[in-house]
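Engineer: Take a look at the following structure, please.
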Amino acid sequence: MKNIAQNAPLLPYNTFHMDVKAAVFAEYENVDELREILNDPAVAALMQAEKAKGRLPFWHIGSGSNLLFTGDYPGVVLHCKSTGIRVVPTEGTESSDEGEDEGVCLLEVEAGTVWDDVCAYCVENGLYGPENLSLIPGETGAAAVQNIGAYGVEISNLVEKVICWDVEADKEHIFDGTEMGYGYRESRLKHEADKARYVVIRVVLRVQRKPRLHLEYEGIQKALGINLEADPEAVEKLSLQEVRNAVIRIREGKLPDPKDVGNAGSFFKNPVVENAVFDKLQTQYPNMPHYVVDKGHTKIPAGWMIEQCGWKGKSLGRAGVYEKQSLVLVNRGGAEPQEIVRLCRTIIEDVEKKFGIRIEPEVNLIG
Ligand SMILES: Cc1cc2nc3c(=O)[nH]c(=O)nc-3n(C[C@H](O)[C@H](O)[C@H](O)COP(=O)(O)OP(=O)(O)OC[C@H]3O[C@@H](n4cnc5c(N)ncnc54)[C@H](O)[C@@H]3O)c2cc1C
């Protein structure tokens, strides 16, 4: 059933534990209810007023694990409560025994489905693809917007279609995975023009029935107790469940659980710089970790730069930098949004002063 609330607390809807309110908070279970909400006179008037101020007409949230409300939100916050996973009957894919599509399974997932439930479902049903993305917090609609990624896999590798509600045209609109503008933590639905218009209602994922594991990331091999260089056949003895368990162990060992410590995962993106910039920095910092992105670009871990600036484990007021991973900002308890914002700005300035690189938040700042 739909629910429209005014002056509604957002505390249960953000993993940073920010005690802020939304002028309007509305939840729906299906498209009919979403349309009723959008046509509600009070909601429509507020959306119009926000738009007139040059702001987004609404903010659609998932479970709030990658956002920071910087204060009370004066507009409309939407949330989808619809959950479920369905195998899409396919002709000529599952049944075909030759070619690229052999063993492909398409899953249609409701936007409000907890992402890790999708990972667990796939592992239980022998479906390969999402296992490395196990335990990433959040909902499936958001995962497709964010292009979540971990341990060498991004959801964009799996997205067949993103089924949206086009709020302007009042009809369904389907984006092919190839139309989503995917990049590192990037998609078209993160940008204003599309964000103001489309709500993700379902995501179709392309997963595999045939074993196809991604174990290139050294940390996973270590957690699994294998070394593929020395023993390439070790991969054949591994089950999907073992890979999922290894990913979960790694994550639980290094990331704070939002239930205990308010946080939104990696607060900053890892900057990608031109090789000339990296080469110059490397002469100054020979141990600087880095990853080749393409022929002309290198990615530098923002967490390493933050650590070099002396921020690891430190605090500014009630906002802090997590002890085990400098990319993660935490709420030490009762922090106001502006304390997190102040820490974020200070870190950006310090990193820029030391390395000449301006890092950017990955987290959505919403005010
Ligand atoms: C401890 C921790 C670890 C994390 N680890 C990782 C990681 O390894 N890799 C990674 O990529 N991320 C990671 N994250 C970040 C986060 O889990 C992801 O970004 C996730 O996809 C956010 O999901 P959510 O449902 O909480 O979305 P929210 O944070 O609520 O929203 C995220 C974005 O999606 C949009 N959105 C949400 N639902 C919809 C919808 N139905 N239609 C249109 N737009 C929508 C929002 O407007 C917003 O722009 C981590 C976060 C935490 C707290």
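What follows is calculated from the coordinates using simple rules that are stated; it is not laboratory data. On a predicted model such as this, the values are computed, not experimentally measured, just so you know. Virtual Cβ from ideal backbone geometry, glycine too; neighbours counted across all protein chains shown.
Engineer: Tell me, which longest segment in the chain has none of the GluC sites (Glu not before Pro) that fall in DSSP loops with at most 12 further Cβ atoms within 10 Å?
Structural biologist: On the way: sites that count: Glu91, Glu98, Glu100, Glu168, Glu216, Glu229, Glu323.
Of all site-free stretches, the longest is 230-322.
Engineer: Counting residues in the stretch 262-366 as N, plug N into 2.2 N^0.38 Å and put the Cα Rg over that result.
Structural biologist: On the way: Rg = 14.0 Å, N = 105, 2.2 N^0.38 = 12.9 Å.
For the stretch 262-366, the normalised Cα radius of gyration is 1.09.
Engineer: Counting only DSSP beta bridges with both residues in the stretch 3-80, tell me the antiparallel percent, nearest 5.
Structural biologist: Antiparallel bridges: around 40 percent, rounded to the nearest 5.
Engineer: Taking the dipole about the Cα centre of the chain, with the C-beta of Lys and Arg at +1 and of Asp and Glu at -1, give me whichever of Ala52, Val104, Ile340 is farthest to the positive side.
Structural biologist: After comparing all options, I get Ile340.
Engineer: Relative to the Cα centre, what is the charge dipole magnitude of the stretch 148-293, using +1 at the beta carbon of each Lys and Arg, -1 at the beta carbon of each Asp and Glu, and rounding to the nearest 20 debye?
Structural biologist: The calculation lands at about 300 debye.
Engineer: Taking the beta-carbon count within 10 Å as an exposure proxy, list Phe267, Phe175 from fewest neighbours to most. Can you show the working numbers first?
Structural biologist: On the way: Phe267 27, Phe175 20.
With the sparsest Cβ surroundings first, the list reads Phe175, Phe267.
Engineer: Quick one: Cα convex hull volume of the chain, Å³ per residue? The partial results should precede the final answer.
Structural biologist: Details: hull volume 57.1 nm³, N = 367.
Spelled out: Cα convex hull of the chain, divided by residues, is 156 Å³.
Engineer: Under a crude label model (7 Å from the Cα following the beta-carbon direction), how far is Thr346 from Ala169 in nanometres?
Structural biologist: For Thr346 paired with Ala169, the spin-label model returns 4.8 nm.
Engineer: Further question on the same structure: Sequence-distant or interchain residues sharing an amide H contact under 5 Å with Glu139, placed H: which?
Structural biologist: It is Ser63, Trp115, by chain and number.
Engineer: Related question: Remind me, relative contact order of the chain in percent, using alpha carbon pairs under 8 angstrom and six or more residues apart? The partial results should precede the final answer.
Structural biologist: On the way: 735 pairs, mean separation 58.2, N = 367.
16 percent.
Engineer: Which helices count as membrane-span-like in the chain under these terms: full DSSP H, at least 15 Å along the axis by C-alpha, Kyte-Doolittle mean of 0.0 or more?
Structural biologist: For the chain, where a helix must reach 15 Å along its axis and average at least 0.0, the hits are 41-52.
Engineer: If you filter the stretch 192-272 for trypsin sites (Lys or Arg not before Pro), then keep DSSP loop positions with at most 12 other Cβ within 10 Å, what is left?
Structural biologist: Taking the stretch 192-272 and a limit of 12 other Cβ atoms within 10 Å, the loop trypsin sites (Lys or Arg not before Pro) found are Arg212, Lys259.
Engineer: Need the C-alpha centroid separation for the stretch 260-311 versus the stretch 110-125, integer Å.
Structural biologist: 32
Engineer: Which order results if His290, His191 are arranged by neighbouring Cβ count within 10 Å, fewest first?
Structural biologist: His191, His290
Engineer: Structure shown: which of Lys222/Lys354; Lys2/Lys195; Lys280/Lys354; Lys190/Lys353; Lys53/Lys269 lie over 25 Å apart, alpha-carbon to alpha-carbon?
Structural biologist: Beyond 25 Å between Cα atoms: Lys222/Lys354; Lys190/Lys353; Lys53/Lys269.
Engineer: Using the count of nearby Cβ atoms within 10 Å as a rough guide to exposure, how do Leu189, Leu281 rank from fewest to most?
Structural biologist: Values: Leu189 24, Leu281 19.
So the residues, fewest neighbours to most, are Leu281, Leu189.
Engineer: I want to verify a result. In a Gaussian network model of the chain, Cα cutoff 10 Å, which of these has the top mean-square fluctuation: Tyr182, Tyr285, Tyr322?
Structural biologist: Tyr285
Engineer: Using Cα springs under 10 Å in a Gaussian network model of the chain, which residue among Lys314, Lys295, Lys53 shows the largest mean-square fluctuation?
Structural biologist: Looking only at Lys314, Lys295, Lys53, the biggest GNM fluctuation is shown by Lys295.
Engineer: May I pose another question? For the stretch 3-80, what log10 I(q)/I(0) values come out of the Debye formula at q = 0.15, 0.16, 0.22, 0.26 1/Å, with one point per alpha carbon and no solvent?
Structural biologist: Summing over Cα pairs of the stretch 3-80 leads to -0.47, -0.54, -1.01, -1.30.
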